[in-house]
Amino acid sequence: MTDTPMDAANAAAGSLYWKRNLTISLIGSFTTIVAMTLLLPFLPLYVEELGVSDHAAIVQWSGIAYGATFFAAAFVAPLWGRLGDIYGRKLMLVRASLGMTIAISLMGMAGDVWQLVALRLFVGLAGGYSSGSMVLVATQTPKDRSAWALGMLSSGIMAGNLVGPLIGGVLPPIIGIRGTFLAAGGIIFLAFLATAFLIKEEKSPSRKQAAKASGGWSSISDKGPVIAMLLTGMLLMLANMSIEPIITVYVAQLAKDQSQVTMISGVVMSAAALGSILSASRLGKLADRIGHWPVIAGALAVAVVLLIPQAFVTSSWQLIILRFLMGIALGGLLPCISAVIRHSVPDSAAGSILGLSVSSQYVGQVAGPVLGGFVGGHIGMSSVFLGTCVLLAGGAVFTWIVKPKDEN
């Protein structure tokens, strides 16, 4: 079964409430991401507070606890997307915000490190508010505004990733680590209330029937563009995260004053995110005007060019500028990826395939640090930048090859 012409027309025109839904989704995504990332500065301290005393074990358990959320989310994102296609995308946001409220609040009551890891896994299984928001916004926004709207949402998500660790560094000395988790749970509960009472989603019985009848993937007539976007999303996250493990070591080789290494490393890491926040909605708006494929291929090509000098910088300020420019170049990729997928699949399969896209990005987010750390440790720091450059160049070429003939 396929979508009816009426559903296709509604998808092109967008929901009557798309602006309100975008606003609530942006605020909700920002607050949930803040709540998920604020534990980064104090996670090792909390692991130690929960009874782990050996230094190596503290580092190991901190890594396990942090990665558990992304590991679990990678498996269930397509499932939640498919259920959203059948039962409604708003319901998935209500479920995610309520589940995260409970899980993050309970983290503040954990009795040992195993309970902390289990709750981090639960956040990944029950959460997914930001990815669910992407699905809702992508399917409810008018086609000619979709990349801009998704760019705005991406900016809110990336801002949450920036602000979360800052809040996590300020709150624990004031209200304690456990109190910080409870406060984060309270913030997400407000997002749950706003989502439940303010987001409006029109019901579509025909879409529900089509979603039940189709297997999601089998309903896509031309799978090439979708496969290209899944690979591009994975490459984007791999490119971003492959650099993270070596930044501090790389900066230590460049910095004259070793006492400033951690501060400079933080600026380097934030520079790319800041650039993406500033450019996401603007590149999305450009993509709505000239087409998504030229923006995707162009962004990848610019990132390739910017990666090469990063391998040969001689001072920290050069690296900061280049990472900021790379963030600007890549900022529009996620909105464009989501928009292309949305326009390449029937409405009844949008949630399933966008959920699969989220899973592919998590694969890159997990594989990137592993590959970057291995290559940086065994071959050299410059090889990480050059290797990532080659991968993105291949992605840019592949994306342009599979571009539909009728696209710009």
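Remarks
- Output for the stretch 150-189, where each listed residue is assigned to a helix (DSSP H, G or I), free of Cβ contacts under 8 Å to residues at least 40 places away in the same chain and closer than 17 Å to A110 by Cβ: I175, A183
- Residue in the stretch 68-91 that is under 20 Å from A183 (Cβ atoms) and of a type in the set (A, V, I, L, M, F, W, C) present: no
- If you filter the stretch 24-81 down to residues that are of a type in the set (S, T, Y) and either in contact (Cβ under 8 Å) with a residue 24 or more places away in the chain or under 17 Å from A126 (Cβ atoms) (or both), you find that the one that is surrounded by the fewest Cβ atoms within 10 Å (Cβ to Cβ) is Y66.
- Helices (runs of 4 or more DSSP H) contained entirely in the stretch 1-74, each with at least 3 residues that are modelled with pLDDT of 80 or more and hydrophobic (A, V, I, L, M, F, W, C): 18-37, 43-49
- Residue within the stretch 365-376 that is more than 21 Å from the chain's Cα centre (by Cα), more than 27 Å from G128 (Cβ to Cβ), open to solvent by 50 Å² or more (accessible area, probe 1.4 Å) and β-branched (V, I, T) present: no
- Matching residues in the stretch 395-408 - criterion: being assigned to a helix (DSSP H, G or I) and either crowded, with 19+ Cβ neighbours inside 10 Å or free of Cβ contacts under 8 Å to residues at least 40 places away in the same chain (or both): G395, A396, V397, T399, I401
- Of the listed requirements (1) more than 23 Å from I24 (Cβ to Cβ); (2) surrounded by fewer than 19 Cβ atoms within 10 Å (Cβ to Cβ), I86 misses just one: (1).
- Selection of the stretch 242-269 for residues being modelled with pLDDT under 80 and open to solvent by 50 Å² or more (accessible area, probe 1.4 Å) yields E244, P245, T248, V249, K256, D257, Q258, S259, Q260, T262, M263, M269.
The values are calculated or read from the model by the stated rules, or taken from the named source; none is laboratory data. This one's a predicted model, so the numbers in the text were calculated from it and none came from an experiment. We place every Cβ from the backbone using ideal geometry, glycine too, and count neighbours over all the protein chains shown. Just so you know, the surface numbers come from the protein's heavy atoms only, side chains and all, with ligands and any DNA or RNA stripped out. Shrake-Rupley method; radii C 1.70, N 1.55, O 1.52, S 1.80 Å.
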